1. How crowded by other chains is B:322-335, given as the mean number of beta carbons from other chains within 10 Å of each beta carbon?
2. Give me the one-decimal nm value for the distance between modelled label points at A:Glu431 and A:Glu389, 7 Å along each residue's Cα-to-Cβ direction.
3. When the Cα centres of region B:98-165 and region A:54-96 are compared, how far apart do they sit, in Å?
4. Rounded to the nearest 0.05, what FRET efficiency do A:Asn49 and B:Gln500 give with R0 = 56 Å and r taken as the Cβ-Cβ distance? Could you check?
5. Using only the Cα atoms of region B:416-561, what semi-axes does the equivalent ellipsoid have when each is the square root of 5 times a gyration tensor eigenvalue? Give whole Å, largest first.
6. Please label the shape of region B:1-149 as rounded, prolate or oblate, based on the square roots a ≥ b ≥ c of the eigenvalues of the alpha-carbon gyration tensor (a/c under 1.5 means rounded; beyond that, a/b larger than b/c means prolate, else oblate).
7. What are the ³J(HN,Hα) couplings of region B:922-932, residue after residue, when phi is run through the Karplus curve with 6.51, -1.76, 1.60 and θ = phi - 60°? Round to Hz, x for glycine and proline.
8. Can you give the FRET efficiency to the nearest 0.05 for B:Ala349 and B:Glu426, using r as the Cβ-Cβ distance and R₀ = 51 Å?
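Derivation of every value follows stated rules applied to the coordinates shown; laboratory data play no part. If you're wondering where the values come from, they're calculated on a predicted model, not measured in any experiment. Cβ atoms come from the backbone with ideal geometry, glycine included; neighbour counts cover every protein chain shown.
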Amino acid sequence: MIGGLFIYNHKGEVLISRVYRDDIGRNAVDAFRVNVIHARQQVRSPVTNIARTSFFHVKRSNIWLAAVTKQNVNAAMVFEFLYKMCDVMTAYFGKISEENIKNNFVLIYELLDEILDFGYPQNSETGALKTFITQQGIKGQHQVINITHCSSVRFIVSACGAVPYLLSALLMIPLHTFFLFSAFSAYQPSPFVSSDTVSLPVPQTKEEQSQITSQVTGQIGWRREGIKYRRNELFLDVLESVNLLMSPQGQVLSAHVSGRVVMKSYLSGMPECKFGMNDKIVIDKQGKGGASDEAGKSDLGGGSGKQSIAIDDCTFHQCVRLSKFDSERSISFIPPDGEYELMRYRTTKDIILPFRVIPLVREVGRTKLEVKVVIKSNFKPSLLAQKIEVRIPTPLNTSGVQVICMKGKAKYKASENAIVWKIKRMAGMKESQISAEIELLPTNDKKKWARPPISMNFEVPFAPSGLKVRYLKVFESKLNYSDHDVIKWVRYIGRSGIYETRC
Amino acid sequence: MTDSKYFTTTKKGEIFELKAELNSDKKEKKKEAVKKVIASMTVGKDVSALFPDVVNCMQTDNLELKKLVYLYLMNYAKSQPDMAIMAVNTFVKDCEDPNPLIRALAVRTMGCIRVDKITEYLCEPLRKCLKDEDPYVRKTAAVCVAKLHDINAQLVEDQGFLDTLKDLISDSNPMVVANAVAALSEIAESHPNSNLLDLNPQTINKLLTALNECTEWGQIFILDCLANYTPRDDRESQSICERVTPRLSHANSAVVLSAVKVLMKFMEMLPKDLDYYGTLLKKLAPPLVTLLSAEPELQYVALRNINLIVQRRPEILKHEMKVFFVKYNDPIYVKLEKLDIMIRLASQANIAQVLAELKEYATEVDVDFVRKAVRAIGRCAIKVEQSAERCVSTLLDLIQTKVNYVVQEAIVVIKDIFRKYPNKYESVIATLCENLDSLDEPEARAAMIWIVGEYAERIDNADELLESFLEGFHDESTQVQLQLLTAIVKLFLKKPTETQELVQQVLSLATQDSDNPDLRDRGYIYWRLLSTDPVAAKEVVLAEKPLISEETDLIEPTLLEELICHIGTLASVYHKPPSAFVEGSRGVQHKRLPGSAGSGESVDSPDTGSAAGVSEAPPAVIPSQGDLLGDLLNLDLTPPTATGPPPAPSSGMQMGAMDLLGGGLDSLLGGDLGGSPAMGAGFGAPAAAMPASFSAPVSGGLDDLFDLGGGVGMPMGAYSPPKTVWLPAMKAKGLEISGTFARRAGVIQMEMTLTNKAMSVMTDFAIQFNRNSFGLAPAGPLQVLTPLSPNQSIEVALPLSTVGPVMKMEPLSNLQVAVKNNIDVFYFSCQYPISMLFVEDGKMERQVFLATWKDIPNDNESQFQIKDCHLSSDAASNKLQGSNVFTIAKRTVEGQDMLYQSMKLTNGIWVLAELRVQAGNPNYTVSLKCRAPEVSQCVFQSYEAMLKN
């Protein structure tokens, strides 16, 4: 199992060092610094073996986290644990930076003592940890909002509740993609979201203590009993990143959508939830039984009226009963309180590619290149894509660039070796074009320019996979609120993952 | 208020100040002070002086302060064991605290304090905590048993904690079950034979129930433990698989990979015609693909595992080629791994896409990646015949880029393509020759030279080209020199008239001016061959070469099976068995896949046979000896001539055959014949051992050579134990084998007496070794030429090489042997004296000896007594010298002779020794120091044997 865990700053100075096993000595700390952090060449592997000691590392901004072992440990588990450690730290004190780690080192030691015992990971759910970890996180001075660290989706959520969430949502996406399940709730969010989710004082009574321990070790380790909200509310975000690799001729070499369903729940008690989407397998099954198809009617966003989608694979948060999904393909769970990722999924069939990039590169002699790029938006005209950015790589020996574009702004960035073309908004079924003349310095470098692909970034208010949320039902038998009383919100955001066209 | 301020106190009187603060009355101040102490501890400052003061703060109701003090204790208790005892009372008291959090904290921390005195006091509280009413305390106590076992295994057994731990597997709380499983698995690893984790259908059922309820980490512990179970039949196997498959949808990749491991293992037992088998195969692909959208580090782990999975079961991912396409922004380690898998999945169906991708990659920036991509194109050509033409033209395009490393890599792979498709693509030779000057890497130069030599008749200026290489002959690497030698001989045989001078030049360069024995030997062989029988020479050197096989870089099947059992772990990331990187007894256990069950129905279907893996013939691989010598059980025993070094491609010349010749021939030629190229009697035959054709009858001559070598070499007086019976006739249907080992003239020999005590004649003898600690392997076939009639005995000397596959054995010098004859295959194991492995150049320089002695940590030193030995120190020294134990220095202190000695094992491990001999005292003391301390025991035994002999 994990023998020790070290955190270093970018210089290789140790900020945190916790050793769990006798076979890991202080020299291991130095071995990693010398061989990995201070190594001259690029890191060639996230797992390094130095003198029969294995080091696993991940990097967050300029902080290195390294787990050390001398045994044949489960490598996947070690990395999952390191990510989890980052999540827990982020939940406690925001960004993982040298300053924040120094500010919270006592907390980190307490956490490390609790979530790793003799190198075996224990319960690491922040919600549960907060009930019995004595230290509280200290956030940096300019740390107002949390940013979930996951790189593919930069999704801003506030630390304390619904209000800024809604505001940002209203700013970001058109209203009509944003619909409610429950009959006619106002768009006005509740000002009464209770804030008892903040960590509790150290428990005193015996009942409290045993409640904590049974919760931390129990079947529902991610939620504690006795949560109360005056107003029960939940938010669902379908966040997709669409990935594409296209040949210069417009042939799709590979395309897939990786999506996440992120849920923020503010529900009282221990609610039993059931989540439904337009999963092809489920719809087909129901179709046979003659049930009416709700998914077709509620098609509000999206570019096509697809009724169901084929999901290649999905994974769930540990709250979801996997055996039930395996047998009945129904998604039922008792959610954690607050924000968490309910599921991840991947689709490869019938993806709506929001943009098509048509490149044209012509080499005029040895010192000039002509580049023309057309982008076409391929979704309903009523929808607006935002934050569009096209990145056209230029050769290293570029001496000057002239750009003309119909829409937006384009600039040659010498430091990045690329022309960056930005468009704020673009409606569906439109087309825009940029042309550039690139002048090159003559070189005697024999190696041809590698022509990196043209990449694109954007954000669209629908799910490129075609996924639709059909329902999210909430049952709490012990308390006096029903599914109808819960206010539910859903929105869809599609973003570019790695969206590249070769030229 | 933040904690970072604690890092900034660097004043001189710091310790004093802290002391005062720690003894303050105010709780807040104390807390602050402890925090400062911990900050200093983190940055490596020594604050152990504050131990008593910190311990004083321990008695408090404040949980926060208590946790801080415990943290300190864990760090320093070991350095201050006497002081640590002060804390015991508080610990014991805390283990009784009404608050379960404190009880658990106390028992957890106590387990982390590795002080013997404390462990004594730990037993009682631990016993109580294991039966605590609170699950949090129980789950902590379960792990604590593993901690205690690590400190004092005996204590844990004596106190009966193992039984209590086993009981916890039936606990009502899933997390307690998971931790108990984790602790038991760890303890079981260090007792490979104990039946500690007694997995039976009932416990399995309990584990599977807990699997649905416990945390993600607990699920990993349980799945990893399940993977060690062997179901009784295919039905049980299927029902476990059914209950494990839902885990494939877990968000935690480690849960997914561990589930994959269980499924991959249990699938072996399912009959292939079962519907469920197909369903399972289909279910495995999507989660594996999903792993590729995880964070890059996990992708890397996943890819290394997928690499194993596609080798074992290529059908799972055969349609998923596209997901392994490299993305521009992938980290380099992900790119390289993806490339590997792409080649493994390449088939006729997808080759066009793959090639288009590879061509893209060949223009990237990272040199390693580009090289690998170019090499991959060559591998595609060899693997998918239909694509060969396109691959060659792609490679030619790449050569036109003139990027130095691309060109070199391309030439290396084109050479392999020529080997696979002779007489097809030779038209490109002209293009290759244009790039001769830009080649600066040995491998590329050697490949080019091979091409020129092989196709000398089609290249007009072949002699000029080769001559140009000859100018700097001595600066070339061995690989290139050997290749050049062979190429010029080929040229000579093809165009004898114009190249006589050239061939003489190269032969004299190789035989007279070179210090390299391989090169010299090969030079002589050619020389003799050419001067005695040019026709035979032609047959040998220009013999038709067998085609090379399709798949390269395959992992040897037994290793692959073992690695499949380790999916998700470090072993699967390194592609090495755990014994290769884990110290001590842990992980030395070898795991195997279960065989296919339901033999009734499976025998008829041809596919099932290969599912069992055991009957599957190891795929033919471009020779690298390690791959060919599989586990004994796996190989059909044929005379080693067939499994021994097969005809090597030119690039592999110095392997196998040459190694084998190395020792004997060298001493023979060097001693007897000097540098003269005169013919020796019976030297025609060994020349035939040229890699170009290594066939059965040849090896007879080879052995003569060894015998001769033994005779000519100086009698070294090396110690050789008397023969003992290894295989009694009772056990081997009348064949009795007794034997011993000896080192003669630098060659390790296994000397055996085979006696036929049966009624019938025995023929067709063959021998094979299992992997062993020092890679011993037969260097030639077993020489029993005439049939062994009843009651006849024969003495056989089998030369051994040390280039075979290596696996650590227990005991270290254990050797498992299989002998075959026309009756049956027999297995026995024997132990060889390690002194046999001491090589002739084991004498260390004095200075080096001194430095090395100091450099090796004292922990590695072990001391032994040799009793009843009546030799003087000089006599002992002489005796040991005979067995290649060299005395470097002698010192006499107060009538005691100290001999400093060194020896070197065949695998390069040095052992340093100090031998103390007191006049008149028959007891010697040997101190051994070695970087690999596990050999010490064996070396000592040899010392005793050598001295007393």
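1. Mean number of neighbouring Cβ atoms from other chains: 4.
2. In this crude label model, A:Glu431 to A:Glu389 measures out at 2.7 nm.
3. After rounding, the separation between the Cα centres reads 28 Å.
4. The calculated FRET efficiency here is 0.55.
5. 25, 20, 17
6. Taking the square roots of the gyration eigenvalues as a ≥ b ≥ c, region B:1-149 is prolate.
7. x, 9, 9, 10, 10, 10, 10, 10, 7, 6, 10
8. Rounded to the nearest 0.05, the efficiency is 0.95.
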